[in-house]
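Working notes for the structure below.
Rule-based calculations on the coordinates, nothing more; no lab input. This is a predicted model, so every value here is computed, not measured. Using ideal geometry, Cβ is built from the backbone for each residue, glycine included, and neighbour counts are taken over all protein chains shown.
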Amino acid sequence: ALTYTVTANTQLSGVNSVDQLLNQYVLIETDESNIFEITSMKPVKSAVGKVLGVGENLISFEQGKYLPVRQGLFLTPYEGKTVLYHSSEDEIISIEVLQESSGILEEWNNTTKKVTIDGTDYPINYVTDLSFLASIDQKVGTKVTFYANKLFLFKLTDYTLPSEPVETTIDISSDLGVDSFLIGNVATLTATIKLGTAITSDDVIEWSTN
């Protein structure tokens with residue numbers, strides 16, 4: 001696990017303490033002389049959607065509605081894909097293509113918040129589309145299509161024929177810069193802050209990376 005440090009000089013936006021950002025995706029900036037010291041941190045808006053179309057620095061998740069994208073992100077490989085995306089100040093700053101898979105839904109555990117598909121447990125997080133729970137009893141024992149990354153399941157639907165496989169792997173580290181990136185499960189830049197004791201100034205943040 002990587003270790004980053006929050007100091008008394010770390011600027012927080014939109015929250016009063018780091019505790020409020022536990023297990024959430026956030027945008028951080030680090031000190032130029034020490035990339036493991038966080039100088040600023042703020043939450044981002046995260047969602048899952050299917051990309052219907054792309055333009056120059058624009059992307060559409062709904063018919064006729066385009067959202068601005070941080071300049072420099074190469075968008076063509078995302079068209080038609082189901083993605084996890086993050087935005088800040090009404091601009092999309094990071095996108096991750098979710099792996100499309102299928103299998104037999106065996107169980108939903110409401111206590112652990114995990115879905116079991118073909119013997120494998122998939123945890124969810126706060127961004128997961130939970131609409132599948134409305135008909136979970138009917139789905140158990142049937143084949144389903146689901147979308148996940150290495151850590152979480154984000155969407156589950158009735159079985160559909162798989163989409164075309166992703167042929168291109170995008171490393172967006174150069175798009176965001178070495179001193180500004182996401183903590184979350186996005187490409188090579190991200191991680192999830194672990195739940196634990198309260199984190200205050202000068203404490204250490206630990207997270208697990210992809």
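General remarks:
- Equivalent ellipsoid semi-axes, segment 70-165, via Cα gyration tensor eigenvalues times 5, rooted, Å: 27, 15, 10
- Each label point was placed 7 Å from the Cα along the Cα-to-Cβ direction; for Ala47 and Leu67 their separation is 0.5 nm.
- All Cα-Cα distances of segment 1-125, cut into 5 Å bins from zero to the largest, leave 2, 9, 15, 15, 14, 15, 15, 10, 4, 1, 0 percent in each bin in turn.
- Each label point was placed 7 Å from the Cα along the Cα-to-Cβ direction; for Ile136 and Ser101 their separation is 1.9 nm.
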